[in-house]
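This report concerns only the one structure given below.
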Amino acid sequence: NASISELGCKVAAAVPNKAWATARPPEGSGARARILWVGRFTPEKRLSGALEAARHCPEMGFEIVGDGADGLMREASEAARQLQNVSFLGRVPHERMRDHYARADVLLCTSEREGFPNTFIEAWCLGVPVVTTFDPDGVVASEGLGAAVADVKGLCGALRALVGDAGEIEDCGR
């Protein structure tokens, strides 16, 4: 594989998105950790992994935002209703998503494959770290932007480590 510079390309520079890049609101007093999952309800997104993590982490609150075919939406909603620590929101207009990211302590991604998720960029713009089963180009791990794990057990461990250490969340979100 040739490097970017060997191909004659320039390395891209980050350009701040002023619509999203604002300070996060102050933390609540002792409120349960807020874990946000955002995606399409399709098999490769593996919402079941997020629900399994919620089942194993009852001390945390999980918010599920997404869209999909009616049958998949109904199935996702029914599965989420079985867990007291899960709020199923379904489709949320993009212009309201900033508020959901701003309230989240961690963005959770359970996909088996992705390109480079916009959800990661949107979360990072607000200083929200990502716990994921898919790490595009190893950037989450190499840049300290959260944690990349292999399975539900790893998801739970990473979530507990991040939300149990406010300094770690702050460091990952930078």
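The values are calculated or read from the model by the stated rules, or taken from the named source; none is laboratory data. What you see is a predicted model, and the numbers here were worked out from it, not measured in a lab. Here Cβ is always computed from backbone atoms with ideal geometry, including for glycine, and neighbour counts include all displayed protein chains. What goes into the accessible areas is simple: the full protein's heavy atoms, side chains included, and nothing from ligands, DNA or RNA. Shrake-Rupley method; radii C 1.70, N 1.55, O 1.52, S 1.80 Å.
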Checking LEU145 against (1) under 13 Å from the mean Cα position of the chain (by Cα); (2) closer than 15 Å to PHE62 by Cα; (3) hydrophobic (A, V, I, L, M, F, W, C), which single condition isn't satisfied? (2)
Got at least one residue in region 104-118 being over 16 Å from GLY39 (Cβ atoms), charged (D, E, K, R) and assigned to a helix (DSSP H, G or I)? no
Any residue at all in region 137-145 that's in contact with a helix residue (DSSP H, G or I) (Cβ under 7 Å, 6 or more places away or on another chain), open to solvent by 10 Å² or more (accessible area, probe 1.4 Å), among the small types (Gly, Ala, Ser) and in a strand (DSSP E or B)? no
Yes/no for LEU89 being modelled with pLDDT under 90, open to solvent by 60 Å² or more (accessible area, probe 1.4 Å) and closer than 23 Å to ALA33 by Cα: yes
Among the numbered criteria (1) closer than 21 Å to THR132 by Cα; (2) open to solvent by 60 Å² or more (accessible area, probe 1.4 Å), which one does GLU78 miss? (1)
Hey, can you tell me all the residues within region 157-174 that are at pLDDT below 90 and either in a loop (DSSP other than H, G, I, E, B) or within 15 Å of LEU51 (Cα to Cα) (or both)? GLY164, ASP165, ARG174
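Here are some residues: VAL65, VAL152. Which one is touching a Gly at 6+ places or on another chain (Cβ under 6 Å), open to solvent by less than 60 Å² (accessible area, probe 1.4 Å) and within 15 Å of TRP37 (Cα to Cα)?
Details: VAL65 fails: touching a Gly at 6+ places or on another chain (Cβ under 6 Å).
Exactly one of VAL65, VAL152 is touching a Gly at 6+ places or on another chain (Cβ under 6 Å), open to solvent by less than 60 Å² (accessible area, probe 1.4 Å) and within 15 Å of TRP37 (Cα to Cα), namely VAL152.
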Given the conditions (1) open to solvent by 50 Å² or more (accessible area, probe 1.4 Å); (2) touching a Leu at 6+ places or on another chain (Cβ under 9 Å), every one holds for GLU122 apart from (1)
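Answer yes or no as to whether LEU162 is closer than 17 Å to ALA33 by Cα, under 12 Å from the mean Cα position of the chain (by Cα) and in contact (Cβ under 8 Å) with a residue 40 or more places away in the chain.
Values: closer than 17 Å to ALA33 by Cα: yes; under 12 Å from the mean Cα position of the chain (by Cα): no; in contact (Cβ under 8 Å) with a residue 40 or more places away in the chain: yes.
No; evaluated as a whole, the condition is false for this residue.
Each row is one residue, and each column tells you yes or no for (1) over 19 Å from ARG46 (Cα atoms); (2) in contact with an Asp or Glu (Cβ under 8 Å, 6 or more places away or on another chain).
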| residue | (1), (2) |
| --- | --- |
| THR110 | no, no |
| ARG113 | no, yes |
| PHE116 | no, yes |
| TRP124 | yes, no |
| GLY127 | yes, yes |
| VAL130 | no, no |
| ASP137 | yes, no |
| VAL149 | no, no |
| LEU162 | yes, yes |
